[in-house]
Amino acid sequence: MSRSSSWSSVVVSLALLSLFVLAMIVVRVLYTGSSDHTAIAWNLCLAWVPFVLALWFSGRAKGGLTPGLAAIALLWLLFLPNAPYLVTDLKYVGYSNSVPVLFDVLLLSAAAWTGLLLGLASVLLMHAAGRRYVGAFRAWALVVAVLALSSFGIYLGRIQRWNTWDVVLRPGALFHAGWRGALHPLGHPRPIALTILFTFFLIAAYLVVCSLGRLQGPGEPEPGHDEGRRPRLLLLVTLAETGGAQTYVALLIPTVAEQFEVTVAAHGDGPVRDAAEAAGVRFVPVKHLRRGINPFRDALALVELVRLCRRERPEILHANSSKAGVLGRIAGVLAGVPIRIFTAHGWAFAAYPGLAGWLYLWADRIVQPLTTQVICVAEHERELGIGARSCVPERSVVVHNAVDVGSFAAIPHVHELPQIISVGRFAYPKDYPTLVDALARIDADYRVTLVGEGPDRPTVTTAARRRLAGRAELVGARRDVRELLAAADLFVLSSRSEALPISVLEAMAAGLPVVATDVGGVSELVVDGETGFLVPPADAKALAQALETLLREPRLRRRFGAAARRRAEQRFDLPRFREAHLRLYRRELELRSRPVTIPPSRTTGQLEPEPRSGEREKRRLADHEQHEREPTRQQEARFARAGRSRRLAADRAKGSSIEH
């Protein structure tokens, strides 16, 4: 359908709705013999003015912005508040007993709905024209400003009783009335409060209208969809730098690039961009997407992501990391992306204390209904998310992180001076101060290499120089982590919060024993007393004792390291991880009548194949119920056994083998 014919149908529909309102007014006058609510007819006529002006402007805005077009745009802006103003007539519901109250409810609601649609449709037309003149970002900024001005105009009309023509007849008095409230908001809170409320209402309503305009009915093909092409997949992560979420995306890219038309989006450069380029996948930089909370920058990032989704038109949006997860899911809904998947690489609300954690919690709760599936990288994370209402059992699955075990050299780790290594971002919640404190308590000889970057690096550097007497080396962010792990004897992680850390998986694949804090899903990786030791978080003494046990027992280190590599091969190797994602993508596409042929894997994935009939949705719900696991062991019990496990392991070091 052409653009002109589409807007013709809109005009006809709005005209029929307006005639219905006028007919109800006539019936009311004939029934009651009074002129109550006849002013609505005049208000409805005024609501049509900005819509007609916007249609006229849109039809002629093909070249430059001429003075005539600028005058029309100004006139449109002056008349625009008359359209949503009709919403305020709802205050008259129940004022009269001369007709049944439901009659007035229908009359006033129909009038309010008509006025609101006329106003938002005119904004939609002007928005489309504005993009040609000022670009997408500025056009969105203008839309927000226009809706805010219209909201203030509604206050002037409803409360102060000013009219549009007073701009010409009484400009001085009108300017004084508006300026007084703007200059002294605390002295005149009512206009500011009403303006803010109506602004948020109109923005939300406008976003709904934009979204509805892009929907198609169930089973209808996507506009321009070619049944022969591969489905489109958009992989989104906040930053392209080194990190767990970035490694996760980089590991997915080679496999999904064979099955889908893939676009990868993130801010900045790093391993994600390198992986995309290596796989021949297009990488799109997202300028305003950052980790920290900044309302203005986040709003720009949301607009940027909406534009990206509209341009790429993916069937699947797979968002990773907290900020991209929240903004990406909202953008996916606004852009009409049918499948919106989020991987929780550790819930931000659990990692950050105070206001930041509270904001992330409520952001995750708000976007939870917008989410098709939540992938949790650990059972612990799924249970935590369900308990916090940031995900629901029937729309969440567990796919453990993975590592390409074969890419890590299986060599014995024997050094005369034991080498400790830790890999992670120098920032909360990695808790490097506790690690430095623990290392300073160790009497055994060792060297430690700290790999990573982050805002806390200067503080950690200072503490290491002061307390570790030259035994520590901070090497920054490195791309040769495999080589560094191969040169180490044991791995340590001191985090206060984790999901399923890939750094621990990489250490296990390298055949290193792991000493880690028992947080998040770490206990799903490290078997205490078999592949390493688990200690309580923020406990420097327990961390030091565990490290010293392994430093003094080279045979125990080698045994734990060999067991860790076997566990990585059996439980966390790459094929299972990749197949699980492909099966999830396939299932969601088939549920929406968008089948895709994905060759069956030779290995067993973590998601069961779906039945072929209409029982798919029922089976999915049953599968998720089966995902409910027995409660994990209480941390206190694990910590009580940790000391005994270390002593037993040391006693067994001389000849026993570890069973699996």
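The values are calculated or read from the model by the stated rules, or taken from the named source; none is laboratory data. No experiment lies behind these values; they were computed from the predicted model shown. So basically every Cβ, Gly included, is an ideal-geometry build from the backbone, and we count neighbours across all protein chains shown.
Rundown of residues vs (1) closer than 19 Å to Ala350 by Cβ; (2) without any contact (Cβ under 8 Å) to a residue 60 or more places away in the chain; (3) exposed (fewer than 14 other Cβ atoms within 10 Å of the Cβ), yes/no style:
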{"position": "Ile411", "(1), (2), (3)": "no, no, yes"}
{"position": "Leu417", "(1), (2), (3)": "no, yes, yes"}
{"position": "Val436", "(1), (2), (3)": "no, yes, no"}
{"position": "Arg457", "(1), (2), (3)": "no, yes, no"}
{"position": "Arg465", "(1), (2), (3)": "no, yes, yes"}
{"position": "Gly470", "(1), (2), (3)": "no, yes, yes"}
{"position": "Leu490", "(1), (2), (3)": "no, no, no"}
{"position": "Leu493", "(1), (2), (3)": "yes, no, no"}
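Scanning region 25-66 for residues that are of a type outside the set (Gly, Ala, Ser), surrounded by fewer than 14 Cβ atoms within 10 Å (Cβ to Cβ) and at pLDDT below 85 yields Arg60, Lys62, Thr66. Considering the conditions (1) part of a helix (DSSP H, G or I); (2) modelled with pLDDT under 95; (3) crowded, with 19+ Cβ neighbours inside 10 Å, Gly520 is excluded by exactly one of them, (1). Residues considered: Gly115, Gly59. Of these, the only one that is in contact (Cβ under 8 Å) with a residue 60 or more places away in the chain and of a type outside the set (Val, Ile, Thr) is Gly115. Residues that are of a type in the set (A, V, I, L, M) and outside the structural domain of Thr199 (by TED's automatic domain parsing) number at least 3 in none of the helices (runs of 4 or more DSSP H) confined to region 1-112. Run Arg594 past the list (1) touching a Lys or Arg at 6+ places or on another chain (Cβ under 9 Å); (2) crowded, with 17+ Cβ neighbours inside 10 Å; (3) of a type outside the set (A, V, I, L, M, F, W, C); (4) modelled with pLDDT under 90 and report the number of the one that doesn't hold. All conditions pass for Arg594, except number (1).
Among (1) exposed (fewer than 13 other Cβ atoms within 10 Å of the Cβ); (2) modelled with pLDDT under 75, which single condition is Arg170 missing? Unmet condition: (1).
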